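Novice: First the structure, which I've put down as structure tokens, then a few questions once you've had a look.
The values are calculated or read from the model by the stated rules, or taken from the named source; none is laboratory data. It should be emphasised that the depicted structure is a prediction, and the values quoted were computed from it without experimental measurement. Ideal geometry is used to build each Cβ from the backbone, glycine not excepted, and the neighbour counts take in all protein chains shown.
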Amino acid sequence: MAYFWTDFGSMKHLAILGIILATNMVGQAQSEIFNPMKDAIKASDATGLVKTFAQTVDIEIEGNTNAYSKTQSEFILKDFFKKHPVTDFSIVHTGSSKGGLQFSICKYTSGLDNYNVLIRLRQLGDEYLVQQISFVKE
């Protein structure tokens, strides 16, 4: 009888381990969809970043929010990167909403200034496109 409970305990531990691994894999998969944006921002590459944008994107920079086309977005972001060159950029958290939006909360550092960055993506076909990006100074 003791063998049964020991075996059951091992199965319970395996189930818990499986849940932890599955949760970690989902988090990694979510994080991976943000890699092209992360790489472009780290390189101050506005052109590369805009390639991940939907046709129209809401951009917020230091409290000013507007909807821009991809072409306009590139000019806005080039200007931001020029004025606030990146010294560090990292993804702090990723998640998804009930409506299917994927989001990433990030930290952007430029010299002594820190910005909280929110990126929201929507899946269109087989790709995820940026719908909104905001840079809010701490």
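Novice: Would you be able to tell me the number of residues in the range 100-121 that are within 17 Å of Ala54 (Cα to Cα) and not polar (S, T, N, Q)?
Specialist: 7
Novice: So which of Lys78, Lys98, Lys82 is of a type in the set (Lys, Arg), more than 21 Å from Asp39 (Cβ to Cβ), out of contact with any Gly (no Cβ under 6 Å at 6 or more places or on another chain) and in the same structural domain as Arg120 (by TED's automatic domain parsing)?
Specialist: Checking each option against the conditions leaves just Lys98.
Novice: Which residues, counting only those in the range 115-138, are of a type in the set (A, V, I, L, M), at pLDDT below 95 and buried (at least 16 other Cβ atoms within 10 Å of the Cβ)?
Specialist: none
Novice: Looking only at residues in the range 89-114 that are in a strand (DSSP E or B) and over 14 Å from the mean Cα position of the chain (by Cα), which one is surrounded by the most Cβ atoms within 10 Å (Cβ to Cβ)?
Specialist: Of everything passing the filter in the range 89-114, Ser110 is surrounded by the most Cβ atoms within 10 Å (Cβ to Cβ).
Novice: Criterion first (among the polar types (S, T, N, Q) and assigned to a strand (DSSP E or B)) does Thr71 satisfy it?
Specialist: In short, no.
Novice: Go over the candidates Lys82, Lys38 one by one and state the one that is exposed (fewer than 11 other Cβ atoms within 10 Å of the Cβ), modelled with pLDDT of 95 or more and not in a strand (DSSP E or B).
Specialist: Exactly one residue qualifies, and that residue is Lys82.
Novice: While we're here: Going by what's in this entry, would Ser69 be described as surrounded by fewer than 16 Cβ atoms within 10 Å (Cβ to Cβ) and under 17 Å from Ser134 (Cβ atoms)?
Specialist: Considered against the rule, which asks whether it is surrounded by fewer than 16 Cβ atoms within 10 Å (Cβ to Cβ) and under 17 Å from Ser134 (Cβ atoms), Ser69 comes out as no.
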